[in-house]
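Report on the following structure.
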Amino acid sequence: MGMMKALGGLIFVAFAVAFTYYNLQPGEVRFYNVSVKLPMFLLVFISAGLGFTLPVIYYQLKERILISREEKLYRLLNLFWRDYLGKAFEILRKFLTVEEFLPFYIRTKKEFGESLDVQLDLYSKGIAETALAELTFRHDLEEAKILLENALGKNYKNQRARKLLRSVYMIYGEYEKAENLQREVLKEVEKERKAKEERVLASILAEKYMKEKDEIILKELWNLPISKTSGALLSSMVGGGEVFEAAYTLGILPEVIKIMEEKNFLTPELLNLIENYRHAIPDEVMYYVYLKLNMKEKIGELNINLEELRRVIEKGGEFLEFVRIWECEECGKEYTEYNSVCRNCLGVNTYRIKRGERSDNRPFEKTG
Ligand SMILES: [Zn+2]
């Protein structure tokens, strides 16, 4: 390799010497009244040299700017994740022209208790509206709805906004709109999340069916993967046994049965089916089932773990409708009755039956 380099260098020097020898004659360069006479070879060398040097300087400067920006970004993320929000905020201000940074910015502002006002018209991708909606929906759902509709108006390819707005529509009971949005979500969903989003569609359609009783909806429901809501609806129909088995496999059978109880889908015939899966259903849920079917003699055999429910039963069932038997597995919020969407985090299909919590039950103890 060294030899090749030396040879290349030698050829280059030989060429330069020969080029100089043949181009010693003067060349004239003029600008206005000034004129300079220089040997031709020198003029060629100078112009070729400048042609190389200027782009190199230009790209090096550009790279230096990029590196300093990258360092700033790294510093920003580092401060943010180590929770030095004040320092992070100072750097964030420099990135405010980039819409993708706005969610960080307003989150930090919220942390400082500052107003979340930002100039939304500066941004065009709908990220700003989506981020604001995520921060405001808990105390102003109507405002969040407007923000999300605006976000989708600016850039319809915004899965985050679609999913949030779909949940908001579900809370308002606007199932047609929720359904249309969810179909858009499914068109572009990444394959890892497809089944989850199909279950969301199943819940929307089940809710819609319960409201409108349109048979066409049912046809599609039978072909979708089941959700807790659609599972409860389909279980109460002919062929429901299959749905029970599917719900059992998915580990959502207790929820499905409790929803059936709440929606008045339970019948004495269904009880046989339920008893087949008795081992998978907590006593808390069975309590509601027996109560609904007026089988008070069965209730004595139950061993209720949920402290809140136990206390209400001991007092003769007074305030039963206030027992928070549901909890959201995403945000932990507790509820007294089932809903497909959690108002506290906008998660869909996230409610589950609360775990038993009796103090004399150690958490890791196996009960068989
Ligand atoms: Zn939640």
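The values are calculated or read from the model by the stated rules, or taken from the named source; none is laboratory data. This is a predicted model, so every value here is computed, not measured. Please note: Cβ atoms are built from the backbone with ideal geometry, for glycine as well, and neighbour counts cover all protein chains shown.
Among the residues of region 311-328, those identified as charged (D, E, K, R), surrounded by fewer than 18 Cβ atoms within 10 Å (Cβ to Cβ) and either under 19 Å from residue 352 (Cβ atoms) or under 34 Å from the mean Cα position of the chain (by Cα) (or both) are 321, 324.
The residues of region 153-184 that are among the hydroxyl-bearing types (Ser, Thr, Tyr) and at pLDDT below 95 amount to a single one, 156. Number of residues in region 123-144 that are within 17 Å of residue 341 (Cβ to Cβ) and among the basic types (Lys, Arg) equals 1. Remark: residue 87 matches the filter, which requires a residue to be free of Cβ contacts under 8 Å to residues at least 12 places away in the same chain and in a helix (DSSP H, G or I). Screening region 327-338 for residues that are in contact with a strand residue (DSSP E or B) (Cβ under 8 Å, 6 or more places away or on another chain) and without any contact (Cβ under 8 Å) to a residue 60 or more places away in the chain and picking the one that is nearest to the ligand (Cβ to nearest atom) gives 328.
Just one of the listed residues (168, 256, 185, 189) is of a type in the set (A, V, I, L, M, F, W, C), touching a helix residue (DSSP H, G or I) at 6+ places or on another chain (Cβ under 8 Å), surrounded by 15 or more Cβ atoms within 10 Å (Cβ to Cβ) and under 22 Å from residue 354 (Cα atoms), and it is 256. Take the residues of region 345-366 that are at pLDDT 95 or above and among the hydroxyl-bearing types (Ser, Thr, Tyr): which is nearest to the ligand (Cβ to nearest atom)? The residue in question is 350.
Across region 282-326, the qualifying residues are those that are in contact with an Asp or Glu (Cβ under 7 Å, 6 or more places away or on another chain) and over 17 Å from residue 254 (Cβ atoms), and the one among them that is nearest to the ligand (Cβ to nearest atom) is 307.
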